[in-house]
Every structure is written in structure tokens, then in C-alpha cells.
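The structure under discussion appears below in the form of C-alpha cells.
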Amino acid sequence: MAETRQWQLASRPVGEPTHENFELVTVDRPEPGPNEVLIKTLYQSVDPYMRGRMRDAESYAEPWDVGDPMQASVVGEVLESNSARFDEGDFVTGDLLWAEHVAADAGELQRVNPDHGPISTALGVLGMPGVTAYWGTTDVADPNPGDTVVVSAAAGAVGSVVGQLAKLSGARVVGTAGSEAKVEWLTEELGFDAAINYKETDDLSGAVDEACPNGVDVYFDNVGGPITDAVWPRLNVDARVAVCGQIALYNETQVPTGPRKLAKLIETRAKVEGLLVSDYQPRWGEALQRLSQFVRNDDIRYRENVVEGFENAPDAFLGLFEGENIGKQVVKVAGREE
């Protein structure tokens, strides 16, 4: 019987994950059942939220058990089909296993249209991160012309799209990022009005003051931690805060207690709203249609950091917590099946 490889959760990390938490195993290549298709994985996503699935704790994403195959958003090619929805050679995307081959129910997959862009973008700007950014910006953050918008992790897959959407709305946009290369990309290529390298400043609060002399009307928070502490005192009256991620805290064994922030909300009447992209599933297509138009018109630019080789998937995931990527971090698993 043909074989394939998959990554399993070997152990639960304590603090920051390490390579010891992952195990690469060889298993029988699956056979598609009724209404299933066999998929060869071409690109695999790695995303910060996966860190929560490595814990034995309740979260918005179900945790993996030790020994379970891990899961990710995947773009693949259909090799065999027992469904009328897909033919051999179609490109599809779905939340599938970290595996080189997987059998999946056709109802859990979406077709990827290569005419909209490289198929890998279905994991980034034209996938979950892009949809998160679109609805998080247009529905939750709701920037207006003249607003000052601050985006943390602005050079990431979500933050980079948020900032560009906010610019299209007429706002002034400030991003935070962790390297001079990222700052340059934000300001020189994506059109951010200012960017702060939080790793190179000794006074983060002062840097926010300098970049936002009129205060902050919208804060799109992908990070939490010290960056949020620096932005919070500068919230204006009627500010909106969209809480999308807290990557600064994901590896903490005990969440540190920061400054007491709620009093600021009384003063400013600011609104703080959490964001889960799954809530927008019925409107997914609407967001993708708009995003694909923006990309075609060069109104939104994107970058992908591609890690070559299925065996390097853990390196790609661990790199997220080191801030190695600019734009979307993806793993290129295989070439197209001939």
C-alpha cells in the first residue's frame, strides 16, 4: 500500500514550543471514501492560533490530543475524486491534516481559482488571514477618513492587509513591527504613514506618542502585551479596539497582570470587541470577491515567506514566534502532480 507522511503532536509544550513537540511519522496513504477526494498537499499554512491547540485547555479552537495529527489550512490538488463537486486536477483548500496526502469530505472543501492569483494566496491575502483583516477592519474597527489607526504585528498576514484597508478608507495608519526591514516594507511599499520598530526603541510609549500626536481612534490588536499597554492610554473618545490576537502572551505559562485598563474606557467611551473570523463564514465569499479586486487593482499588496519542504513545517511554525516572517508564512510541500 502507498505511504505518506504526517506531523503529529508529540508532546504539549511548556512555554515556547520546540522541535520535541512535533513528530514526523509515515502512515498508509488514505483511500477516498464516498463523497471524498484524495488531495496532494501543495501548500500548508502555519498560524499563531495553532499554539492554543497545543494546550490541554478550552479555547475557541479545539485542542489536539498528544499523538493526534495536527491540522492546518491547506491548498492541494485533487488526485482522485468520488464527488461530483471536484474533478482530478482541481485545486482546493480546507482545514486539513499536516500531511502530504489526505482524504477529505468534498463538503468541507472550497475550490481555488488560479485566475485570482497564485494558489498559495488562498492561505493568505485571499484566504483566512485576508478575510479576518477584511471583516475586522470594515465591520469591527470601522475606520473613518482622518482617523488615526494603529495596527500591531502590522507586517504579518493579517496586519498588513488591515493597514492597507484602513488607508483605502482615508485613515492615517501607524504600524508596529519587529525589524527595520518590516518597517521599510510597511512605509515604502504598503503606504503606512509611520511604523515603529518595537525591538529597537527604549521608550515604546514615547514612540507611540510621536507617531500618533492626535491620539488613537482605532487600534487593531494582533499582539497584546507591552504594545497594547503603550497604545491604550492614547485612545481617543469613541475609539474602537478590535482584538484579533495576543501572540505576545501565547507562550506564557502565567499571563502577566498589566496596567489596569478599564478606567480608560469610561473616560473615552471606547468600544473593545473580540474578533473570530469563523463568525463571518456566511459572508466569506463577499470578502474574497472584494479582496481579489483590490489585489488585481494593486490596491492591496502582499508578501509570502515560503518555507520549502514538508519536513520543515515545524521550523515555519516556530519562526512565527521569532518574528521571522514578513507577510504570510507558508510551507511549500510539493510540486504539482504530473
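The values are calculated or read from the model by the stated rules, or taken from the named source; none is laboratory data. Here the structure is a predicted model, which means the values were calculated and not measured. Heads up, the Cβs are rebuilt from the backbone with ideal geometry, glycines too, and the neighbour counts pull from every protein chain shown. Note: accessible area is taken over every heavy atom of the protein model, side chains too, but ligands, DNA and RNA are not part of it. Shrake-Rupley method; radii C 1.70, N 1.55, O 1.52, S 1.80 Å.
In this structure, is ARG85 out of contact with any Ser or Thr (no Cβ under 9 Å at 6 or more places or on another chain), basic (Lys, Arg) and more than 30 Å from GLY327 (Cβ to Cβ)? Taking the combined requirement at face value, the residue satisfies it. Among the residues of region 99-121, those that are in contact (Cβ under 8 Å) with a residue 60 or more places away in the chain and assigned to a helix (DSSP H, G or I) comprise ALA106, GLY107, HIS116, ILE119, SER120, THR121. Scanning region 77-103 for residues that are under 18 Å from ALA334 (Cα atoms), in contact with a Pro (Cβ under 7 Å, 6 or more places away or on another chain) and not aromatic (Phe, Trp, Tyr) gives GLU80, LEU97, ALA99, HIS101, VAL102, ALA103. Among the residues of region 207-232, the ones that are aliphatic (A, V, I, L, M) and either part of a helix (DSSP H, G or I) or surrounded by fewer than 24 Cβ atoms within 10 Å (Cβ to Cβ) (or both) come to 6 in all. All conditions but one from (1) of a type outside the set (Lys, Arg); (2) open to solvent by 50 Å² or more (accessible area, probe 1.4 Å); (3) without any contact (Cβ under 8 Å) to a residue 12 or more places away in the chain; (4) farther than 27 Å from SER120 by Cβ apply to ALA57; the one that does not is (2). Of all residues in region 3-15, at least one satisfies being open to solvent by 20 Å² or more (accessible area, probe 1.4 Å), outside any strand (DSSP E or B) and of a type in the set (Ser, Thr, Tyr). So for region 42-60 (the condition being part of a loop (DSSP other than H, G, I, E, B), of a type outside the set (Phe, Trp, Tyr) and either in contact with an Asp or Glu (Cβ under 9 Å, 6 or more places away or on another chain) or modelled with pLDDT of 95 or more (or both)), does at least one residue qualify? Yes, that holds for at least one residue.
Being farther than 20 Å from GLU308 by Cα and modelled with pLDDT of 95 or more is the filter here; which residues of region 64-88 pass it? Of everything in region 64-88, those that are farther than 20 Å from GLU308 by Cα and modelled with pLDDT of 95 or more turn out to be VAL78, LEU79, GLU80, SER81, ASN82, SER83, ALA84, ARG85, PHE86, ASP87, GLU88. The set of residues in region 158-177 that are open to solvent by 20 Å² or more (accessible area, probe 1.4 Å) and not in a helix (DSSP H, G or I) comprises SER169, GLY170, ARG172. If you filter region 284-302 down to residues that are basic (Lys, Arg) and modelled with pLDDT of 95 or more, you find that the one that is farthest from VAL161 (Cα to Cα) is ARG290.
Answer yes or no: is there a residue in region 150-157 that is in a helix (DSSP H, G or I) and open to solvent by 10 Å² or more (accessible area, probe 1.4 Å). Yes; the residues of region 150-157 include at least one that is in a helix (DSSP H, G or I) and open to solvent by 10 Å² or more (accessible area, probe 1.4 Å). Say we look at region 178-205 and pick out the residues that are without any contact (Cβ under 8 Å) to a residue 60 or more places away in the chain and acidic (Asp, Glu); which of these is surrounded by the most Cβ atoms within 10 Å (Cβ to Cβ)? Across region 178-205, the extreme among qualifying residues is ASP193.
Taking region 292-338 as the range and being acidic (Asp, Glu) and within 14 Å of GLY156 (Cα to Cα) as the test, the residues that pass are GLU304, GLU322, GLU324. Being within 17 Å of VAL330 (Cβ to Cβ) and surrounded by 24 or more Cβ atoms within 10 Å (Cβ to Cβ) is a description that does not apply to GLY136. Residues that are modelled with pLDDT of 90 or more and of a type outside the set (A, V, I, L, M, F, W, C) within region 227-264 comprise THR228, ASP229, PRO233, ARG234, ASN236, ASP238, ARG240, listed in sequence order.
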